[in-house]
Amino acid sequence: MLESQPVPTETHRVALVIQYVGTHFHGWQRQKQHRSVQEEIETAIATVLGYHLTLHGAGRTDSGVHAAAQVAHFEATGLIPPHRWASILNSYLPQDILIKASAAVDNRWHARFSAAYRRYRYTIYTEERPNLFVRPFSWHYYYAPLDECLIQAALEPLMGKHHLAAFHRAGSKRSHSWVEVQAAECHRSGPFLHIEIQANGFLYGMVRLLVGMLAQVGTGKLTLAGFTELWQEERREEVKYAAPPQGLCLLRVGYPDFPFPPEIWYETLPKLVFPTGIPLEYSQTETVSLNSTPLL
């Protein structure tokens, strides 16, 4: 049986870069009756150390939301080198969580409070026909064409520090809705639309509410001026559409002093992209030949 308190020994702080598929999790934060990413990793650490501790994350992703490079830290005791924690924990963790890397950090460094920014990517799949292999990681939006230029134009006024109460879900313990948006971009690759938002912090449910309303802009149901006025005047009651969770991923967390190289955390989520076309070697002649092959 695990002890409730660690044996009083010298501790050192360990930072983790974490990936997870959020489909079967009720978010990052530990909960009493639901599966969470935090609890899974804390349980794995406790199995190694022999006592329970708290894992501090850079942000709390919602139920069903993914992470390509979440960051967390904990206080470890014992003789395990910090860089070894990644491989050790991966041997105890389920298949939908992966520790990309681990490293020692200064005891004053904090996964949440030392972060300079968080960046999210939302992926929308606009092809009329569904695709099983993109379904877990995108919003299948086939109801009407989406204009990425309109969405990009709607994003631009959001740059800077604003009070975004219109995109703040109820139930948050945060006392204000001020957010400094550092980047806001929309790109298309064939049927895939990628919306990326970077800010110093995010409100509870902010990105999904924002994307839900941006879809209204992209279809022309909401004008650019109407969208901007909606959030500038904090008309929360008019924000009625939240995009589903599976299209959202915490892309990365940035720090002024980070012990990990860029390949570990900077761009670890491959973009869903549209193929350039049918390969030239796959010709009509080949199709006929394949179809005419006699069965043995």
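The values are calculated or read from the model by the stated rules, or taken from the named source; none is laboratory data. Remember, predicted model here, so these are calculated numbers, not experimental data. Every residue, glycine as well, gets a Cβ built from its backbone with ideal geometry; the counts of neighbours run over all protein chains shown. In case anyone asks, the SASA skips ligands and DNA or RNA and just uses the protein heavy atoms, side chains included. Shrake-Rupley method; radii C 1.70, N 1.55, O 1.52, S 1.80 Å.
Annotations for the structure displayed:
- Taking other residues whose beta carbon is less than 14 angstrom from the beta carbon of Met213, and scoring Lys, Arg as +1 and Asp, Glu as -1, yields +1.
- Sites matching trypsin sites (Lys or Arg not before Pro) across the stretch 95-203 that sit in DSSP coil, with at most 13 neighbouring C-beta atoms within 10 Å: Arg108, Lys173, Arg174
- Nearest-10 value in Å² for the accessible area of Glu148, using the 1.4 Å probe: 50 Å²
- Extension gain for the segment His163 to Glu267, taken as residue separation times 0.36 nm less the Cα-Cα distance, is 34.5 nm to one decimal.
- Cross-link table Lys100/Lys240; Lys32/Lys271; Lys173/Lys221; Lys32/Lys173, entries beyond 28 Å C-alpha to C-alpha: Lys100/Lys240; Lys32/Lys271; Lys173/Lys221
- Crossing angle, helix 37-49 versus the chain [Cα axis fit, 0-90 degrees, rounded to tens]: 30 degrees
- Note on the stretch 11-104: with neighbouring protein chains present and a 1.4 Å probe, carbon and sulfur make up 51 percent of its accessible heavy-atom surface.
- Inter-site label distance for Glu10 and Gln95 at 7 Å from Cα along Cβ, in nm: 4.2 nm
- Sites Thr228 and Thr54 - FRET efficiency at Förster radius 45 Å, r taken between beta-carbons, to 0.05: 0.65
- Extension reserve of the Asp147-Ala46 stretch, reckoned as 0.36 nm per residue once the Cα distance is removed: 31.5 nm
- Solvent-accessible area per residue for the chain (1.4 angstrom probe, square angstrom): 54 Å²
- In this simple spin-label model, placing a label point 7 Å from the Cα along the Cα-to-Cβ direction at both Leu132 and Lys240 gives a separation of 3.6 nm.
- Put a dot 7 Å past the Cα of Ala116, heading toward its Cβ, do the same for Tyr204, and the two dots end up 3.0 nm apart.
- In this structure the amide hydrogen of Ala183, modeled in the peptide plane, comes within under 5 Å of the amide hydrogens of Gln198, none closer than 5 places in sequence on its chain.
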